[in-house]
1. With touching a residue at least 24 places away in the same chain (Cβ under 8 Å) and more than 14 Å from the ligand (Cβ to nearest atom) as the only criterion, which of PRO315, PRO299 stands out?
2. For residues that are open to solvent by 90 Å² or more (accessible area, probe 1.4 Å), assigned to a strand (DSSP E or B) and closer than 26 Å to LYS606 by Cβ, tally how many sit in the stretch 648-666.
3. Which condition breaks for GLU45 when tested against (1) farther than 30 Å from ALA537 by Cα; (2) under 24 Å from the mean Cα position of the chain (by Cα)?
4. Can you report the number of residues in the stretch 590-641 which are assigned to a loop (DSSP other than H, G, I, E, B), charged (D, E, K, R) and within 15 Å of PHE570 (Cα to Cα)?
5. For the subset of the stretch 327-336 comprising residues that are away from the ligand (no atom under 16 Å from the Cβ) and not β-branched (Val, Ile, Thr), which member is surrounded by the fewest Cβ atoms within 10 Å (Cβ to Cβ)?
6. Among the listed residues THR314, THR319, which satisfies the condition of being polar (S, T, N, Q), at pLDDT below 95 and surrounded by 13 or more Cβ atoms within 10 Å (Cβ to Cβ)?
7. If the Cβ limit is 8 Å and pairs must be 6+ apart or interchain, which residue in the stretch 251-280 that is without any contact (Cβ under 8 Å) to a residue 12 or more places away in the chain pairs with which residue that is in a strand (DSSP E or B)?
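The values are calculated or read from the model by the stated rules, or taken from the named source; none is laboratory data. Model, not experiment: these values are computed from the prediction. Backbone-built Cβ (ideal geometry, glycine too); neighbour counts: all protein chains shown. Areas reflect the complete protein model, heavy atoms only, side chains present, ligands, DNA and RNA absent. Shrake-Rupley method; radii C 1.70, N 1.55, O 1.52, S 1.80 Å.
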Amino acid sequence: MAEPKENPLMEKIVSLCKRRGFIFQSSEIYGGINGFWDYGPLGAELKRNVKELWWHAMTRQRDDVAGLEATIIMSPQIWKASGHVDTFADLMVECPITNKRFRADQIEPQNGTAYFFLGAKENITAVQAIDEIQKEVQSEGSLQISLSEEAAQELLSRHVALQLGSPETDREHWMQKAFDRYHNPKRCNDAFSVLVPSGKPPESALKIAKLFYEKRGIPNPILLEDREKNPPQQIKNSIKYNPENGAQFTEPRPFNLMFKTYVGPVESEDGIAYLRPETAQAIFAQFKNVLETSRQKVPFGIAQVGKAFRNEVTPRNFTFRSREFEQMELEFFIKPDEVIEAIHGNVVKVSETGHPGEPQPNWGWQAWHQYWVEERVRFYEGIGLSRETLGFHHQTPAELAHYARACTDILFKFPFSKKDADGNVAGDELEGIAARSDFDLSQHQRFSGKPMGVFDDELRAAWAKLPKEKQDDLSQRYFENRKKYLTKTAKPEETPEQISKQATDDANGLAKGQYIPHVIEPSAGVDRLILALIANAYSEVTETDEKGKSETRVTMKFHPRVAPFKAGIFPLLKNKPELVKKAHEVLELLRPWMNVFYDEGGSIGKRYARQDEAGTPFCVTIDFDTLGEKPELNLKDTVTIRHRDDGKQERLKISELLNWLLPKIR
Ligand code: GAP
């Protein structure tokens, strides 16, 4: 599997994932396919648990969120409206030697000496020139010569005809061609440079440069340099060169990440469609249908979990950046701040950090944004990712999309996350929580021609009671925001007057109780979360026995809520039918409520170890005391519960087992 060799922990995680059936390389028997991963028996359970917990927290445990399950392929107009067709691109560079592509923003900065080349010309010998012409002639007639280089040069320089038995005029003709070929070698004037890291011989630059010109059709190239005008240069922190071979990359160019396909039997322009690169857009496209059928009112959200596809230029870090992955996205629709102010007189001021508490009617986008960041962190804490393992990145104005007001990324400190100069690890993105204004619904309104606004009776009533100055002030602010959006997204034929008129109409809508909702979007990746949970759970202990033999034991310390199996059920001995029968009774008692694993093979120690590696938090052993073999102990119908993380054991009545387990796994 393509994991960086220098990250031993990632290597161990990747190997455990394969060995224990968490994650396999897709199509492995055919050598794999880059950027695609399959989840094995344990991984599938883990993933299912995570998605269900998210769904539960986001929809079923709330009154203000409804669910959606949309198709992967949708009208290509959706991706026009969202901007994905025109702008969903990564800047990409290519190595001209290996043709490998890299994302321009992910190249490791390089130091070294750069060698510059102006071009190259073919190093052709007289023999080669004649040979080449010979081959041409042979396909049409016969010409046989065999010469030393010296003789060939002599021949061409004198430009004398050979006695070859072919008609004299032809001979002269071919000789002229060979002469021209020899005196006009192929040439390429593309400038190129190679970076040689310190310690490597400068000849390596020549080797790479020759490969470069060979790939441009110059066989056996003579490199053209001007060391006086373009001397070798010491370069620091450059991202212009391939770290793998020093070759200068091609200029960065955009590469659209959407996978294209065709709908219908004919591969024509009309049938072009895309595999969705995010689940979010279906939510916007179905906004009106959900609003009308769910009896929700703004503020409310629509949640969706599903596959997304991006033809990532450089899939990397195991499943972290894949080409097929799953997202868990919520679009939470809120009233614009001007509407809140009209109804409630003010928009609540929020402090910079912390949870703003239970949602209030006078919350504007900032309070909602902060609320969702904190809610999402609490979700992660609830499944075992402590705050210390997480980080935040608040996007700077330069990083924000033009329509976004804020975006906070929740990061996880992955084993491959980079350290800064002080040794601190910020982490890599697990989820982004964006305040996206009314951009998405506005875009779909423009592209589909269908109204995406809502009618709010409370607004209409409140507006009528506002003093004229307040109405003017709010209208003006709403107008400015709409004008900004309309100007940014205007078609070339749209005039400033048309834009102003549209913005005025939009602002006038407030008095009628109409507006386009804004949205807060917590968007999480399932696969990244699975990888974070696996990395977080991974724990190993190496023990050495009396004979000096050491063994490393791995325990996957998953939170019981996400653990693939909640309990292992073991009869102490498999050849005692009474124990096996009782163990099956326990199995059937728990099975309707949770995923359990029955195991009767090997010693109890081995069975514990197997479940530790699978991350099973509890093991239940049925022994002779369970059968009541020693009545004086009063242990009949009790079992031993062994805790995964500290190995502690306790005795519980079978009748209490389910109620003991349920609160721990939910
Ligand atoms: N609708 C907004 C959106 O899609 P994004 O930041 O591009 O935003 C959201 O993606 C989340 O989806 C990311 O935080 C990440 O967890 C996940 N994600 C994005 N691209 C991914 C990829 N190539 N492989 C795995 N997960 C990915």
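1. Step by step, each of PRO315, PRO299 is checked, and only PRO299 is touching a residue at least 24 places away in the same chain (Cβ under 8 Å) and more than 14 Å from the ligand (Cβ to nearest atom).
2. 1
3. (1)
4. Total meeting the criteria: 6.
5. PRO336
6. Working: THR319 fails: at pLDDT below 95.
On inspection, the qualifying residue turns out to be THR314.
7. Listed by first residue and then by second, the contacts come to TYR262/ILE272; TYR262/ALA273; SER268/TYR262; GLY271/TYR262.
So that you can scan it fast, the table gives a plain yes or no per residue for (1) hydrophobic (A, V, I, L, M, F, W, C); (2) in contact with a Phe, Trp or Tyr (Cβ under 7 Å, 6 or more places away or on another chain):
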position	(1), (2)
ASP472	no, no
ARG477	no, no
SER500	no, no
ALA503	yes, yes
ALA507	yes, yes
HIS518	no, yes
